[in-house]
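A quick write-up on the structure given underneath.
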Amino acid sequence: LAKPNVLLLDEPTNHLDWAAILWLERYLTSEEMEGVALVIVSHDRDFLDKVSTMTLRLFELQLQLHSGNYSTFEEAHTLDQQHRAELAQRQQDKQDKMEKQIKEMEQRGRKTNNDNLLKAVASRRTKLGLDDKPWSYNRVGLERAGGHKFKFSYGTHLDAASEFAVENKEAQIKLKFKAAAPLGFEAALLQCRDVVVGYDQKAPLVAKFDLDIRARSRIGILGVNGSGKTTLLRTLVGDLPNLRDR
């Protein structure tokens with residue numbers, strides 16, 4: 001390979017077999033690559049965990065930088081969102097409590113013509129941002145992520161509110177596959193006997209084998225690139241003939 005100062009890798013493991021991925025992991029973490037900056041785009045979390053030491057997340061038009069590999073980021077992000085949700089709930093509880101107090105104080109103030117009590121109601125309504133002034137905002141329960149009460153030295157109320165804003169969850173992909181009705185028996189759905197896979201009888205890719213595939217079978221096929229995995233599948237579904245003709 002060339003000797004770069006910065007190496008950009010976009011989905012480097014997509015077409016690599018297991019042995020090649022292991023080699024790439026060892027190479028990227030070797031002493032030879034210590035002085036090289038790596039920027040990797042990948043959906044392979046195991047690969048990222050072994051290679052990366054920082055995580056850059058693109059979410060809602062913003063880049064978020066996290067220290068650590070993918071698993072470290074995922075754990076820290078989950079805890080952060082839980083903490084923000086707790087702060088948001090705490091703020092809502094304080095608002096609900098104050099709104100109830102304002103209602104009760106206003107009723108007592110009007111019933112007794114107590115001007116001081118009504119002034120206190122007006123002050124609390126202002127704190128809740130309910131005084132119909134364009135510059136007013138709700139200050140009740142505003143806290144930073146560190147748990148401190150809001151102060152103007154922190155910035156605007158929007159800055160404070162953003163500290164406990166919970167992210168909208170990213171849309172989850174849902175796939176539905178039509179399945180046949182239960183057959184009511186556990187016999188093999190596919191049986192292979194003396195099957196030989198390949199294109200040349202003198203040089204088969206897979207030697208003679210027997211195989212039963214049942215309704216509850218969950219089979220993973222391993223092998224280096226070029227070993228015949230796809231050819232095996234094509235033979236099982238009948239796209240390619242069995243070299244033993246059975």
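The values are calculated or read from the model by the stated rules, or taken from the named source; none is laboratory data. Since the model is a prediction, treat every value here as computed from it, not as a measurement. Cβ coordinates were reconstructed from backbone atoms using ideal geometry, including for glycine residues, and neighbour counts include every protein chain displayed. Surface accessibility is based on the protein's heavy atoms, side chains included, excluding ligands, DNA and RNA. Shrake-Rupley method; radii C 1.70, N 1.55, O 1.52, S 1.80 Å.
Mind ordering 229-238, 184-193, 213-222 by average Cβ neighbours within 10 Å, highest first?
229-238, 184-193, 213-222
Students often get this wrong, so check it: of Lys3/Lys50; Lys94/Lys119; Lys50/Lys178; Lys103/Lys127, which have C-alpha atoms separated by over 26 Å?
Where the Cα-Cα span goes over 26 Å, the pairs concerned are Lys50/Lys178.
Pairs of Cα atoms under 8 Å, at least six residues apart: use those to get the relative contact order of the range 196-245, whole percent.
Taking the mean separation of contacting Cα pairs over the length of the range 196-245, I get 45 percent.
Restricting to Cα pairs below 8 Å that are 6+ residues apart, what does the relative contact order work out to for the range 19-102? Please round to a whole percent.
For the range 19-102, the relative contact order is 18 percent.
Hey, with R₀ at 51 Å, roughly what FRET efficiency would Leu211 and Lys94 work out to, going by the Cβ-Cβ distance, to 0.05?
That gives a FRET efficiency of 0.20.
Whenever you get a sec, compute what percent of the accessible area on the range 1-59 sits on carbon and sulfur atoms (1.4 Å probe).
59
Give the accessible surface of the range 57-122 per residue, rounded to a whole number of Å², with probe radius 1.4 Å and ligands, DNA and RNA excluded.
About 74 Å² of surface per residue is accessible.
Measure of size requested: the Rg and Dmax of the range 35-116, with Cα atoms as the atom set and Å as the unit; please supply both.
24.2, 78
Taking every Cα atom in the range 1-140, find the radius of gyration and the maximum pairwise distance Dmax, and write them in Å.
For the range 1-140, the Cα-based Rg and Dmax read 27.7, 87 Å.
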